[in-house]
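I have placed the structure first, in the form of structure tokens, so that the comments after it can refer back to it.
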Amino acid sequence: EKKEVQYGPVSPEKRTDPAMEKWRDNRFGQFIHWGLYAIPAGYWKGKYYKGAAEWLKSWAKVPMNEWAKLAEEFNPEQYDPEEWASMAKQMGARYVVLTTKHHEGFCLWPSQYTDFDISNTPYQKDLLKPFVEAYNKAGIDVYFYYSVLDWYHPDWRYALKSEEDKQAFERFKTFTKNQLSELIERYPSVKGFWFDGTWDASWKASGQFSYELEKHMKQLKPGLIINSRMRADEWGSRHFDSNGQMMGDYASGWERKLPTDTSVLHNDWEACMTVPENQWGYHKNWEGHVKTPTELIEMMVRCTALSGNFLLNFGPKEDGSIREEEQLLVKEIGNWMEQYGNAIYNCAYAGLEKQDWGYFTREPGSKTVNMVVCNIPVNKALRIQLPKNLFIQHYEYMGKPLSKLTLEEIGKNEYFIHLGKVKTKQPFVINIQLTSEKTDNGLYQ
Ligand SMILES: C[C@@H]1N[C@@H](c2cn(-c3ccccc3)nn2)[C@H](O)[C@@H]1O
């Protein structure tokens with residue numbers, strides 16, 4: 001039965017304001033993990049650590065006073081946010097999420113609430129200001145990733161076991177609220193926050209605080225968009241409150257995994273994805289499978305087809321340059337988005353039965369449905385099953401035609417689109433125009 005929840009959602013479950021509509025229309029974003037961890041890049045004292053590079057301090061059991069010394073050598077001379085923004089634009093990303101502070105606690109901006117920040121490095125200058133300006137100038141919305149979990153701050157606590165823990169964590173919550181207010185005030189064009197590091201008991205015991213923090217941030221910046229991962233309710237339930245109501249503005253539990261059914265349609269949601277199996281910060285040597293542009297394009301299409309966003313991760317090097325593998329993705333995904341981006345941007349679940357050859361996407365309310373073909377059937381025929389009151393009025397390739405298409409009615413509101421001779425290396429798109437005017441030849445009743 002329903003539980004009394006006082007500190008659950010702050011905003012309505014499906015916001016209809018322009019900021020949230022733009023978040024949905026964006027569909028494809030660039031995640032950027034950049035911090036001191038990019039300096040050791042997965043190696044410590046000559047030893048290779050295969051775990052996620054931004055967690056190296058943990059894997060190599062580095063004491064914080066030793067890890068913090070990395071700030072003394074952080075000097076990204078190749079850092080060129082205009083170049084980063086131009087690459088993101090070329091790739092077709094419509095928004096970006098940058099780590100302002102990861103679990104290590106190091107801040108990419110000069111924060112008045114800590115000395116562990118960019119101002120205490122050889123580089124000295126604020127990294128965020130030119131970043132926000134460059135991406136906004138490129139027409140890309142900027143979001144800030146912020147880790148609540150902070151390995152540097154003396155008042156961080158994993159759990160609240162004693163009175164001392166509670167007093168320390170109260171100071172930590174004030175520090176957190178101050179830093180977030182500072183980020184909104186210093187960079188007012190920020191569109192939202194991607195919270196992380198909120199799985200520990202101390203935060204799960206701070207549901208009321210996270211409720212009030214969300215309210216405070218949205219008062220500071222009306223329209224601000226915050227992910228579900230920021231929140232707990234007063235019972236310790238995260239992302240969704242104890243009655244299953246989503247907190248925050250989109251479900252963000254999809255980390256390195258994608259949904260497989262239409263149950264996600266109930267809320268806005270986003271999946272974030274690494275290029276190797278599990279590296280967010282820069283690692284000198286990626287081990288194992290590196291996802292190809294085609295794999296990542298298909299993941300992005302699957303997200304759009306289930307009305308979700310896809311956030312693809314980049315991990316810049318310590319000097320601010322972008323690795324070869326990621327530059328290839330910019331080029332390949334960018335080429336695809338140039339031709340087929342209209343099947344992604346502003347699109348969502350099409351309401352049609354999924355077929356094995358790929359995915360349907362559709363701009364809500366449009367009569368045009370996009371068929372994104374990822375698996376060409378051996379019989380070269382794409383099956384379409386429409387609801388009983390819909391028929392195909394027109395069909396054609398989006399962009400460059402790859403072959404001569406023909407349409408065959410094979411059942412009641414059921415069709416094959418025959419591809420004919422088609423040769424291609426990437427997914428492609430066929431547009432179909434639907435109509436409620438009967439166009440069948442009455443063969444199938
Ligand atoms: C978005 C990603 N979230 C961070 C993360 C995930 N995890 C984690 C912690 C416990 C279990 C599974 C995953 N710890 N840190 C990663 O470091 C990266 O920032």
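The values are calculated or read from the model by the stated rules, or taken from the named source; none is laboratory data. Bear in mind that the values here come from a model prediction, so they are computed numbers and not experimental data. Note that each Cβ is placed from the backbone with ideal geometry, even for glycine, and that neighbours are counted across all protein chains shown.
Here are the numbers for the structure shown:
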read-out: The stretch 120-137, residues that are surrounded by 19 or more Cβ atoms within 10 Å (Cβ to Cβ) and either outside any loop (DSSP other than H, G, I, E, B) or under 21 Å from the mean Cα position of the chain (by Cα) (or both); value: 128, 131, 132, 134, 135
read-out: Counted residues, the stretch 105-143 - those being in contact with a helix residue (DSSP H, G or I) (Cβ under 6 Å, 6 or more places away or on another chain) and within 16 Å of the ligand (Cβ to nearest atom); value: 2
read-out: Within the stretch 276-287, considering residues that are more than 11 Å from the ligand (Cβ to nearest atom) and surrounded by 22 or more Cβ atoms within 10 Å (Cβ to Cβ), the one nearest to residue 349 (Cα to Cα); value: 282
read-out: Output for the stretch 198-235, where each listed residue is closer than 23 Å to residue 309 by Cα, among the small types (Gly, Ala, Ser) and buried (at least 20 other Cβ atoms within 10 Å of the Cβ); value: 228, 232
read-out: Residue check, residue 54 modelled with pLDDT of 95 or more, within 14 Å of the ligand (Cβ to nearest atom) and closer than 16 Å to residue 318 by Cβ; value: yes
read-out: Those residues of the stretch 353-385 which are of a type in the set (S, T, N, Q), in contact with a strand residue (DSSP E or B) (Cβ under 8 Å, 6 or more places away or on another chain) and closer than 15 Å to residue 305 by Cα, in sequence order; value: 355, 361, 368, 370
read-out: Which numbered condition residue 87 misses (of (1) in contact with a helix residue (DSSP H, G or I) (Cβ under 8 Å, 6 or more places away or on another chain); (2) under 21 Å from residue 195 (Cα atoms)); value: (2)
read-out: Hits in the stretch 163-206 (condition: within 16 Å of the ligand (Cβ to nearest atom) and under 23 Å from residue 106 (Cβ atoms)); value: 192, 193, 194, 195, 196, 197, 198, 199, 200, 202, 203
read-out: Within the stretch 1-35, tally of residues that are within 16 Å of the ligand (Cβ to nearest atom) and not in a loop (DSSP other than H, G, I, E, B); value: 4
